[in-house]
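Asks: Below is a structure I'd like to ask you about.
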Amino acid sequence: MIDQFGRSIDYLRLSVTERCTLRCTYCRVEEGICPKAAELSADEYARIGKACARLGIHKVRITGGEPLLRKDILEIIQKLSAIDAITEITMTTNAQQLAGRANALKEAGLKRLNISLDTLDAAKYHEMTGGELSTVLSAIDEAIEAQLLPLKINTVIVKGKNDDEVDDLMALAKERPIEVRFIELMPIGALGQNDAMRVNNDVLIAARPFLQPLPPCYPGQPARDYAVDGYMGRVGFISPLSHKFCASCNRIRVMSDGKIRPCLGSNMEIETKEALASKDDEVLLETIRNAIYHKPDGHHFNTGFISEKNMSRIGG
Ligand code: SAM
């Protein structure tokens, strides 16, 4: 559907849990898996998916927290993929629990994966996240094997932490059919407010004249993509601060407890509890329609916006 600013909203980011196995330094500060916040059932996510589909949403990205922590993740994917109008289901994961599950995810209806990976140094990975690098690297190969393609690697560059690894991270795409994407650190979460830790993607691009710009795969694509000579895959830059793309934003978020968050850069949330309890699908439809229509015009990341929740609570 079209929102109040004329944008066509066709993409849902659905968080299925706030819990996460990792404690990435810039995202969250708690130790280990945080206490379980309200989570809806697979049927409730499917109801939300159906209502969204009636409003013109055809792409769903499942996220969290860490979505693979949900024991019923296959059921959630199956129920969403049974909705005719939903043509693409994808997932963002830290891949710590992916081993041996890629084929089952594919069979359940998952089309492709984004895997988060910020460093190729095992000690630094453990220090930055608490997880194991070798697990992620073998999960990348397992996901490629299972044809969860195109696979994207999401990397947040943090000054002084991993900004010396940009070329090494890009090289993951040398012999793999993947896209390595550098995402600017947003003012959300533990370190996000610290401007000194931010790296402007324009600086990374300017320092690498070998990057060859590619046309966007679809209109309004947030990433700027580049080819590199001799690379099987590609490199992308997502720059919400230096190249704000709110005018073409096509997404809304639903958090694990069912609340709608129409814009990542606004603390506005819309409750769906009563609509879900009413069992009347029209009430739920109207609640979502209203939330989409009132999606804010854009984020205020550059002018002091403070997010009340970190990314693992909102759904990254
Ligand atoms: N657990 C899953 C994972 O790690 O991919 C999904 C949730 S995680 C919150 C999703 C993504 O949000 C990760 O790639 C993480 O790097 C990113 N993220 C968290 N805080 C961020 C911030 N302040 N700015 C940019 N990206 C952020």
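Asks: Once fully extended, how much extra length lies between ASN103 and ILE2, figured as 0.36 nm per residue of separation less the alpha-carbon to alpha-carbon distance?
Replies: My answer for the length gained is 32.8 nm.
Asks: Restricting things to Cα coordinates, could you compute the convex hull volume per residue of region 111-230 in Å³?
Replies: 127
Asks: Also, I was wondering about something else. Please give the FRET efficiency for ASP280 paired with SER41, using the beta carbon to beta carbon distance and R0 = 25 Å, rounded to the nearest 0.05.
Replies: 0.90
Asks: Can you sort CYS217, CYS24 by 1.4 Å-probe accessible area, starting with the largest?
Replies: CYS217, CYS24
Asks: Moving to a separate point now. How big is Rg to Rh over region 169-264, alpha-carbon atoms, Rh as the Kirkwood inverse-mean-distance radius?
Replies: For region 169-264, the value is 1.01.
Asks: Probe radius 1.4 Å, ligands and nucleic acids ignored: give me the carbon and sulfur share of the accessible area of region 11-314 as a rounded percent.
Replies: The C+S portion of the solvent-accessible surface of region 11-314 is 53 percent.
Asks: Would you kindly find the accessible area of SER138, with a 1.4 Å probe and non-protein molecules such as ligands, DNA and RNA excluded, rounding to the nearest 10 Å²?
Replies: Accessible surface of SER138 is approximately 70 Å².
Asks: Here is a further query. How big is the gap, in Å, between the Cα center of region 80-99 and the Cα center of region 117-152?
Replies: Taking the Cα centre of region 117-152 as reference, the centre of region 80-99 is 18 Å away.
Asks: Follow-up question, since we're still on this one. Diagonalise the Cα gyration tensor of region 11-314 and give the resulting equivalent ellipsoid semi-axes, square root of 5 times each eigenvalue, largest first, whole Å.
Replies: Semi-axes from the Cα gyration tensor: 29, 22, 20 Å.
Asks: Estimate the FRET efficiency between ASP168 and ASP202 by the formula 1/(1 + (r/R0)^6), using the beta-carbon distance for r and 22 Å for R0, to the nearest 0.05.
Replies: 0.60
Asks: Now for a different question. Dividing the alpha-carbon Rg of region 1-122 by 2.2 N^0.38 Å yields what?
Replies: 1.12
Asks: Next question, about the same structure. Divide by every residue of the chain the summed helix terms, -39500 (n - 2.57) for each DSSP H run of at least 4, and state the resulting mean residue ellipticity at 222 nm, rounded to the nearest 500 deg cm²/dmol.
Replies: So the calculated ellipticity at 222 nm is -7500 deg cm²/dmol.
Asks: Got a sec? What order do PHE245, PHE5, PHE182 fall in by accessible area at 1.4 Å, biggest, i.e. largest, first?
Replies: PHE5, PHE245, PHE182
Asks: Under a 1.4 Å probe, what is the accessible area of the chain per residue, stated in Å²?
Replies: Here the residues of the chain average 42 Å² of exposed surface.
Asks: While we're here: With labels modelled as points extended 7 Å from the Cα through the Cβ direction, what inter-label distance (nm, one decimal) is found for LEU241 paired with ASP84?
Replies: The answer from the label model is 4.6 nm.
Asks: Please give the length that would be gained between GLU127 and LYS309 if that part of the chain were fully extended, namely 0.36 nm times their separation in residues minus their C-alpha to C-alpha distance (nm, one decimal).
Replies: Using 0.36 nm per residue and subtracting the Cα-Cα distance, I get 63.3 nm.
Asks: In nm, what is the difference between 0.36 nm times the number of residues separating CYS217 and GLU75 and their Cα-Cα distance?
Replies: Answer, rounded to one decimal: 48.1 nm.
The values are calculated or read from the model by the stated rules, or taken from the named source; none is laboratory data. Note that the structure is predicted; figures quoted are calculated from it, not measured. Cβ sites come from the backbone with ideal geometry, for glycine too, and all protein chains shown count toward neighbours. Side chains included, ligands, DNA and RNA excluded: accessible areas come from the protein's heavy atoms. Shrake-Rupley method; radii C 1.70, N 1.55, O 1.52, S 1.80 Å.
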